[in-house]
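Below: one structure, written as structure tokens.
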Amino acid sequence: LIVAAGTGEFEAGISKNGQTREHALLAFTLGVKQLIVGVNKMDSSEPPYSEARYEEIKKEVSSYIKKIGYNPAAVAFVPISGWHGDNMLEASTNMPWFKGWKIERKEGNAEGKTLIDALDAILPPSRPTEKPLRLPLQDVYKIGGIGTVPVGRVET
């Protein structure tokens, strides 16, 4: 989940019908179990690379994702600047206050400093390949000349 740190941008995204709320809710509803929050555009916060702004955003997003059903302790929050590459692949010198992220989960804890570290800490989902095929249908299309096409997602 990428959240803009720019003045007014975060507020628009987290507002009642904002895209940040919408995307977090969609992710949870669609079964996304693990979440990373990238607080982007830290270079355009006031002042640039503001720790206070990052903490404010982290607090508000944590509160919202908890209401949805995520455990904020299991979510890595990473302040980044995609434009300048801060905390993307290597720790940024522009945010010396950021000591890194830590996540606590029953499968084991993880910690790191960058977005790539957080992505590497995502655990692969279990695939119950030994179970019989289970494909809940989402929709059925009747296409002339082709026939009936069931649409769904393979669960097992």
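The values are calculated or read from the model by the stated rules, or taken from the named source; none is laboratory data. Since this is a predicted model, take the numbers as computed values, not measurements. All Cβ positions, even for glycine, are placed from backbone atoms using ideal geometry, and neighbour counts span all protein chains on display.
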So which residues in segment 29-73 are closer than 17 Å to Asn87 by Cβ and among the charged types (D, E, K, R)? Lys41, Asp43, Glu51, Arg53, Glu55, Lys58
Among strands (runs of 3 or more DSSP E) completely within segment 103-156, the ones holding 2 or more residues that are at pLDDT below 95 and not hydrophobic (A, V, I, L, M, F, W, C) are 137-143, 147-152
Test of understanding: among Glu90, Glu22, Glu11, Glu60, which residue is in a loop (DSSP other than H, G, I, E, B) and acidic (Asp, Glu)? Glu90
Keeping to segment 47-70, report how many residues are farther than 24 Å from Gly8 by Cβ and in contact (Cβ under 8 Å) with a residue 12 or more places away in the chain. 2
Restricting attention to segment 94-104, and to residues there that are without any contact (Cβ under 8 Å) to a residue 40 or more places away in the chain and surrounded by 11 or more Cβ atoms within 10 Å (Cβ to Cβ), which single residue is farthest from Pro72 (Cα to Cα)? Gly100
If I ask for residues that are of a type in the set (Asp, Glu) and either within 10 Å of the chain's Cα centre (by Cα) or surrounded by 12 or more Cβ atoms within 10 Å (Cβ to Cβ) (or both), which ones from segment 26-48 would you list? Asp43
